[in-house]
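Student: Before anything else, here's the structure in question.
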Ligand SMILES: Cc1ncc(COP(=O)(O)O)c(C=O)c1O
């Protein structure tokens, strides 16, 4: 069989998503018992207690398919968010929704505009749909350059992704910047606003995407249960979108795309606002401590609205290896002179600061 002839030409040049190192791998390599995984922007604590209890109750019923329309969850989300159920889509992670939206909207040759560096799934789902990726560099402050993104839009543009706050830099666009962008956006373009880190944001200048959603305008707001709600392994995210788009996604998705476990975990998580608040506060405290340690060590970084910090370093490989030797996994961003360091427990932060202090002693200024 000639597999090159068999596999669609568009798939050939695609590069699979490269996940961070696995804990078991690093345990073996470093010889450390305690491994601190700060590379995938997960929450260090488990799912909410109410979610765990709820998920346990459905285990005996997993012989049945899930509710393909996620009715209970969509009802709960509608109430919580103050939007009608008909505007809600639920996916196997918000990652799936990014892909489904691209599949529903992008035809071969259409342009897809997004900032760079940003979430690596945007180029992947553009390639998957044979669209043309238009990458607009972040500003010197590592923020989305919204005027440049507007200028990059042409008649052939179908989709614009805005990641707010941005992964991997943790920066956000302000309400004033976003207002200007949205009001200048041409009608033929769908704006997908990826708010995966929404619950971690504390800035009063943050533009809540739902404030821009009116059911008519071509805007989709995506959020996830993978981050503050700690359900990354269950895979569930949601989107608020105009009804024709919800219906289009219903056509291209699998009939049972979200597992029962995930639906139930998400449903019960929604009821616990105090846990969200507690985690957001602790994340802020740990981030503040990390910033002050970076300052003391002379390490540059970009202030973040998320649960990770973009640490600027001319020695990313050496610092990555120094942390790894201590059992700490951070994200090496390939070509960027930076590492993405996740916020974990207080013990994780202490260990990271100790390892960075030792790295400075050994390697000089980072
Ligand atoms: C910006 C952004 N969007 C979407 C996702 C996908 O999250 P999930 O598919 O787990 O909901 C991530 C995950 O890291 C992310 O960083």
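Student: Does residue 229 fit the bill of being within 29 Å of residue 74 (Cβ to Cβ), out of contact with any strand residue (DSSP E or B) (no Cβ under 9 Å at 6 or more places or on another chain) and within 16 Å of the ligand (Cβ to nearest atom)?
Tutor: yes
Student: I've got another one for you. Does any residue of region 50-66 turn out to be under 24 Å from the mean Cα position of the chain (by Cα), surrounded by 16 or more Cβ atoms within 10 Å (Cβ to Cβ), in contact (Cβ under 8 Å) with a residue 24 or more places away in the chain and over 30 Å from residue 86 (Cα atoms)?
Tutor: no
Student: From the set of residues in region 280-310 that are touching a residue at least 40 places away in the same chain (Cβ under 8 Å) and in a strand (DSSP E or B), which is nearest to the chain's Cα centre (by Cα)?
Tutor: 308
Student: Only one of these is outside any loop (DSSP other than H, G, I, E, B), crowded, with 22+ Cβ neighbours inside 10 Å, at pLDDT 95 or above and away from the ligand (no atom under 12 Å from the Cβ): 220, 246. Name it.
Tutor: Selected residue: 220, the only one of 220, 246 that is outside any loop (DSSP other than H, G, I, E, B), crowded, with 22+ Cβ neighbours inside 10 Å, at pLDDT 95 or above and away from the ligand (no atom under 12 Å from the Cβ).
Student: Inside region 69-107, can you point out the residues that are closer than 19 Å to residue 153 by Cβ and more than 16 Å from the ligand (Cβ to nearest atom)?
Tutor: Scanning region 69-107 gives 105, 106, 107.
Student: Looking at region 179-212 only, could you name the residues that are touching a residue at least 60 places away in the same chain (Cβ under 8 Å), closer than 28 Å to residue 278 by Cα and away from the ligand (no atom under 16 Å from the Cβ)?
Tutor: Answer for region 179-212, where residues must be touching a residue at least 60 places away in the same chain (Cβ under 8 Å), closer than 28 Å to residue 278 by Cα and away from the ligand (no atom under 16 Å from the Cβ): 202, 203, 210.
Student: In addition: Picking from 120, 112, which residue would you name as being within 16 Å of the ligand (Cβ to nearest atom), under 21 Å from the mean Cα position of the chain (by Cα), surrounded by fewer than 18 Cβ atoms within 10 Å (Cβ to Cβ) and more than 16 Å from residue 262 (Cβ to Cβ)?
Tutor: None of the others qualify; the one that does is 120.
Student: In region 11-48, which residue that is touching a residue at least 12 places away in the same chain (Cβ under 8 Å) and in a helix (DSSP H, G or I) is surrounded by the most Cβ atoms within 10 Å (Cβ to Cβ)?
Tutor: 26
Student: Name the one entry in 216, 180, 243 that is under 26 Å from residue 144 (Cα atoms) and in contact with a helix residue (DSSP H, G or I) (Cβ under 8 Å, 6 or more places away or on another chain).
Tutor: 180
Student: For a quick check of your reading of the model, give me the residue pairs whose first member lies in region 83-110 and is without any contact (Cβ under 8 Å) to a residue 40 or more places away in the chain, whose second is in a helix (DSSP H, G or I) and more than 16 Å from the ligand (Cβ to nearest atom), with beta-carbon atoms closer than 7 Å and at least 6 apart or on different chains.
Tutor: If the second residue must be in a helix (DSSP H, G or I) and more than 16 Å from the ligand (Cβ to nearest atom), the pairs left are 85/74; 85/75; 85/78.
Student: Still on this model: Take residue 261 and tell me if it is part of a loop (DSSP other than H, G, I, E, B), away from the ligand (no atom under 11 Å from the Cβ) and either buried (at least 18 other Cβ atoms within 10 Å of the Cβ) or modelled with pLDDT under 95 (or both).
Tutor: no
Student: With respect to residue 102, is the statement that it is under 21 Å from the mean Cα position of the chain (by Cα) and surrounded by 18 or more Cβ atoms within 10 Å (Cβ to Cβ) true?
Tutor: For residue 102, the condition - under 21 Å from the mean Cα position of the chain (by Cα) and surrounded by 18 or more Cβ atoms within 10 Å (Cβ to Cβ) - is met.
The values are calculated or read from the model by the stated rules, or taken from the named source; none is laboratory data. All values reported here derive from a predicted model rather than from experimental measurement. All Cβ positions, even for glycine, are placed from backbone atoms using ideal geometry, and neighbour counts span all protein chains on display.
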